1. Hey, among the residues in the stretch 41-62 that are surrounded by fewer than 18 Cβ atoms within 10 Å (Cβ to Cβ) and of a type in the set (A, V, I, L, M, F, W, C), which one's farthest from residue 119 (Cα to Cα)?
2. Is it fair to say residue 150 is small (Gly, Ala, Ser) and either surrounded by 17 or more Cβ atoms within 10 Å (Cβ to Cβ) or within 20 Å of residue 95 (Cβ to Cβ) (or both)?
3. Of all residues being over 20 Å from residue 194 (Cβ atoms) and not in a helix (DSSP H, G or I) in the stretch 62-86, which is modelled with the lowest pLDDT? Just the residue, please.
4. Take the conditions buried (at least 16 other Cβ atoms within 10 Å of the Cβ), of a type in the set (A, V, I, L, M, F, W, C), at pLDDT below 95 and out of contact with any Phe, Trp or Tyr (no Cβ under 7 Å at 6 or more places or on another chain) and apply them to residue 128. Does it pass?
5. Can you tell me which residues in the stretch 95-112 are surrounded by fewer than 17 Cβ atoms within 10 Å (Cβ to Cβ) and either within 30 Å of residue 74 (Cβ to Cβ) or not β-branched (Val, Ile, Thr) (or both)?
6. Return the residue satisfying two criteria in turn: it lies in the stretch 9-24 and is more than 18 Å from residue 151 (Cα to Cα) and in contact with a Phe, Trp or Tyr (Cβ under 9 Å, 6 or more places away or on another chain), and of such residues it is surrounded by the fewest Cβ atoms within 10 Å (Cβ to Cβ).
7. Could you grab the pairs with beta carbons closer than 9 Å, sequence gap of 6+ or different chains, first residue in the stretch 87-108 and part of a helix (DSSP H, G or I), second one buried (at least 22 other Cβ atoms within 10 Å of the Cβ) and aromatic (Phe, Trp, Tyr)?
8. List every residue pair whose Cβ atoms sit under 8 Å apart, with the two residues 6 or more apart in sequence or on different chains, where the first one lies in the stretch 166-184 and is closer than 19 Å to residue 94 by Cβ and the second, anywhere, is small (Gly, Ala, Ser) and not in a helix (DSSP H, G or I).
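The values are calculated or read from the model by the stated rules, or taken from the named source; none is laboratory data. Please read these numbers as outputs of a predicted model, since none were measured by experiment. Here the Cβ is made from the backbone with ideal geometry for all residues, glycine too, and neighbour counts use every protein chain on show.
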Amino acid sequence: MLRGLLPKEFAFYDYFEKQADVLIKISEELLNLTNNFNDLGNIAQKIKAYEKELDNLTHQCIEALHRTFITPIERTEIYKLVKKLDDIADIINAAVKRIVLYEIKSIRPEVKEIANNLISATKEIRFALTLLRDLKHADKIRESCKKIQAFEQEADNLFRSTIPKLLKENDVIEILLWKEIFERFEKAADKCKDIASIIEEIVIENA
């Protein structure tokens with residue numbers, strides 16, 4: 001009863017939304033990379049800077065969590081959510097770093113599909129997190145989570161079709177390098193689905 005009477009700190013929603021905003025920018029830069037591959041170095045630096053920005057937001061949120069007595073939702077849910085958002089940025093940045101490190105000469109067309117998928121998923125995540133401020137929108141939140149999960153399924157189908165095509169090519173080194181890069185993009189899509197699951201848990205626990 002005491003917990004229900006004490007004031008709660010709602011700034012955590014601001015952190016969620018700011019993190020999602022940065023994720024959208026990272027996904028958009030990935031798409032930019034597919035259209036301007038000759039500018040790989042500069043775009044990779046932008047993605048790295050955005051990843052650092054999101055990392056800082058994550059640390060700020062966790063520090064605020066340590067200082068806050070009463071939170072609007074469970075502390076463990078806040079922690080899981082900000083960490084998963086941070087994970088997506090880390091994974092996309094790691095994939096792009098490998099494109100630079102491995103001196104990839106040309107971008108594969110599947111990366112554009114992946115980028116568009118991640119843009120759609122991260123924008124839907126941003127929408128769901130905005131709705132999370134008011135759990136009266138529970139039905140809309142659940143519908144948004146279903147859309148995020150559908151985007152992950154689309155990404156999974158894309159990876160399932162991409163890898164067999166890749167394995168039929170002749171350059172073994174190129175196959176191995178791209179397989180690793182695609183696996184990282186697949187993990188980023190999986191994390192989007194994880195976020196949807198966490199948001200659904202929050203809705204259930206606070207219904």
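1. The residue in question is 62.
2. No.
3. The first filter runs over the stretch 62-86 and keeps only residues over 20 Å from residue 194 (Cβ atoms), leaving 63-64, 66-72.
After this cut, where a residue has to be not in a helix (DSSP H, G or I) as well, the list is 68-72.
On the way: 68: 87, 69: 84, 70: 87, 71: 89, 72: 88.
Among those residues, the one meeting the criterion is 69.
4. Values: buried (at least 16 other Cβ atoms within 10 Å of the Cβ): yes; of a type in the set (A, V, I, L, M, F, W, C): yes; at pLDDT below 95: no; out of contact with any Phe, Trp or Tyr (no Cβ under 7 Å at 6 or more places or on another chain): yes.
So residue 128 fails the test.
5. Result: 97, 98, 101, 102, 103, 105, 106, 109, 112.
6. The selected residue is 9.
7. Partner pairs satisfying both residue conditions: 89/50; 91/185; 92/185; 93/50; 95/185.
8. Close Cβ pairs satisfying both conditions: none exist.
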